[in-house]
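Values quoted throughout were computed directly from the atomic coordinates according to the rules given, and no laboratory measurement underlies them. Every value quoted in this text rests on a predicted model; they were computed, and no experiment measured them. FYI the Cβ positions are ideal-geometry reconstructions off the backbone, even for glycines, and counts take in every protein chain you see.
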Amino acid sequence: MKPNIYDIAKAANVSKSTVSRVLNNNPNISAKAKEKVQKAIKELNYQPSKVARGLSAGFDAILVVSRSTNTTKNNPFFSEILHIISQFSEEQDYDVLLQTSQNDVEELKRCIAKTASKIVKGIIMLSSPSDEEYFKEIDKFNIPTIVIGKVIGEHKNIYSVDTNNFLDSYNLVQYMIDLGHKDIACLYSPQEYNVSIDRLEGYKQCLADNQLSINEKLMVNCGFTMNEAYSNSQGLFELEKLPSAIFATDDLKLLSLYKNLDERNISTPSDILIGGYSNTEITSFLFPSIIQIENPTFELGKTATKHLFRAINGEDSLERNIIIPTHRIVQGSKYKTQV
């Protein structure tokens, strides 16, 4: 077994903190103690690890903070964007540390601990919680932080890279209305994150602007997983009058819809028009095809990472809020207007 810092302390008859100060070239140590520690290091052939050095001297690393694990299970967006962030971080010779947690409270504690100990030089947060107290705490440590999502408050060290989720949702629902649809359902996520809030609000505002009533029975909270979406949305198909169109706020909900439609022999788009957000190439292979808002995962990850390194390098006049454009994809034949 390789010797560790405790073995060095025992051999030199000094404290662990004394050994640590010697390893980190701390001047606050006597010449005698330093000599004893160096002798023990030589005799034991001790080699400090890169990780051990990094914990004290600071990694050339960024911290990527994911959401609590109960909200990201099987969601391809998070694995895809982490891959993109890692790719562009490697170009800068930076390591990537991934932080996950079981809940938001634990996540905040871990993030604060890492930023306070100077382990990392920048942070990328993969989502934007609606409660910005989190941002206020992180901002105190003066570490450049990029949030992939909307940031509402004003913070010294926090920047955002996002799409216009409200407008994109509004425009997709408007497209459905222009085709003649009036009974449009919405499968949405819990309102804990700004992205979820904006996508639902875009749907509701579009209905209101077109003088269409908001039917609570057509609005379904589908949780964060595909199983929840599949289970919670079944009530839509038990209504006396089915919706003529369904707007889904992420691709897990889109995929769950196809299972429900298949089990009930309901066709799309002839019986029910389906549309919503897509983060992956998976939904592009669905048949019959759907109306998609293509979430630009690659551009979000690339822009967030490059913007973070500009902030780390101290560039002036950085944009506080960057909006990445999206594209609506209508695959296959044109959809018929409802009569």
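Things worth noting here:
- Percent antiparallel among DSSP beta bridges (both partners in the chain, rounded to 5): 15
- Computed E for N24/L98 - FRET, C-beta separation, R0 25 angstrom, nearest 0.05: 0.45
- For the pair I329 and Y6, label points projected 7 Å from Cα toward Cβ lie 5.5 nm apart.
- Burial ranking of peptide ranges 128-138, 238-248 (average Cβ count within 10 Å, highest at the top): 238-248, 128-138
- The packing ranking of peptides 146-152, 298-304, highest mean first, is 146-152, 298-304, where packing means the average number of other beta carbon atoms within 10 angstrom of each residue.
- Between Q211 and S317, the contour length at 0.36 nm per residue exceeds the alpha carbon distance by 33.9 nm.
- Approximating the spin labels as points 7 Å out from Cα along Cα→Cβ, the N45-to-Q174 distance works out to 7.3 nm.
- Against the chain, whose longest principal axis is taken from its Cα atoms, helix 165-178 shows a tilt of about 20°.
- Using C-alpha pairs under 8 Å with a sequence gap of at least 6, the mean separation divided by the residue count of the chain gives a relative contact order of 16 percent.
- Computed over all pairs of different Cα atoms, the Kirkwood value for the hydrodynamic radius of segment 1-44 is 10.1 Å.
- Distance histogram for the chain (every C-alpha pair counted, 10 angstrom bins, percent rounded to whole numbers): 5, 22, 25, 19, 13, 7, 5, 3, 1, 0
- Across the cross-link table entries K109/K150; K2/K302; K150/K204; K109/K302; K109/K259; K156/K302, which are compared at the Cα atoms, the separations over 30 Å belong to K2/K302; K109/K259.
- Taking every DSSP bridge with both residues inside segment 120-274, close to 5 percent are antiparallel.
- Nearest-20 debye value, segment 207-274 charge dipole, Cβ charges on Lys, Arg, Asp, Glu: 60
- Between the helical axis of 251-263 and the longest alpha-carbon principal axis of the chain there is an angle of about 40 degrees.
- In this simple spin-label approximation, A113 and F298 carry label points 7 Å from Cα along the Cα→Cβ vector, and these lie 3.8 nm apart.
- Per-peptide average of other Cβ atoms within 10 Å, ordering 177-188, 265-276, 90-101 highest first: 177-188, 265-276, 90-101
- Aspartates and glutamates with Cα under 14 Å of K136, excluding same-chain neighbours fewer than 8 positions away: E154
- On the basis of the beta-carbon distance and an R0 of 56 Å, K73 and E35 show a calculated FRET efficiency of 0.55.
- D by Stokes-Einstein for segment 219-271, Kirkwood Rh over Cα pairs, 10 °C, 1.306 mPa s: 142 µm²/s.
- For the chain, the longest principal axis of the C-alpha atoms and the axis of helix 31-44 are separated by about 70°.
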